[in-house]
Amino acid sequence: MMDRNASDRMDRGAEGAQAEWLSAMQSLAEQIYKQQQSSQQMIQELINTYMQLLNTPGSYLSGQAQQQQQTLQQTAQQWMEQAQQQQQTYQQQAQQQQQSFQQMTQEVLGNYSKLFNIPLSYAKEGLRDAQFPIEGYDELNVEEVSGRLDALSTEDLREVRDYEERTKNRETVLEQLDRRIRSRS
């Protein structure tokens, strides 16, 4: 039960960190988009101002206005394309970072989960027998378990009872354990 609570807290903490990171990435993408919009607007205003200058009657540039206008439009178009490419690059980088973070979070949670499962794997491999009060307990029938209970301390009886309840949950064995624990208390 304690391991599950710790695991739940870890899961909530990781989800919170992930949500915070995703929010930061979204905010960054929005800032990039706003900067690109501002850049495009400034370029358009620059083009408009230059066009007004070129089209002003009596301007010394008015004779070359059409050629310069085309050059300016081409340059502005190139800037716009570069800005769009930058936007796409930033979006791809943000998506890649998001995917990397999600993968890393899953790996961390998986490793954290494995850490809590280590004692269970030891029990499955038989290492529990070295510390458990009754050797080979899982292979014993009710009569064999009953024959070994008298030699156990109250603490050992409680440990056997807890294990029996979590695993085989044999009513007869649980009743015998409860009687012995009550008689010693």
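The values are calculated or read from the model by the stated rules, or taken from the named source; none is laboratory data. Quantities reported herein were computed from a predicted structural model and do not represent experimental measurements. So basically every Cβ, Gly included, is an ideal-geometry build from the backbone, and we count neighbours across all protein chains shown.
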- prompt: What is the one condition in (1) assigned by TED's automatic domain parsing to the domain that holds GLN35; (2) modelled with pLDDT of 75 or more that LEU115 does not satisfy?
  reply: (2)
Any chance GLN64 is at pLDDT below 70 and either outside the structural domain of GLN102 (by TED's automatic domain parsing) or part of a helix (DSSP H, G or I) (or both): yes
query: Looking at LEU72, LEU46, LEU53, which is the one that is under 30 Å from ALA94 (Cβ atoms), of a type outside the set (Ser, Thr, Tyr) and modelled with pLDDT of 65 or more?
result: LEU46
query: Which one is nearest to the chain's Cα centre (by Cα), of the residues in region 151-181 that are farther than 20 Å from GLN131 by Cβ and either among the hydrophobic types (A, V, I, L, M, F, W, C) or surrounded by fewer than 17 Cβ atoms within 10 Å (Cβ to Cβ) (or both)?
result: ASN169
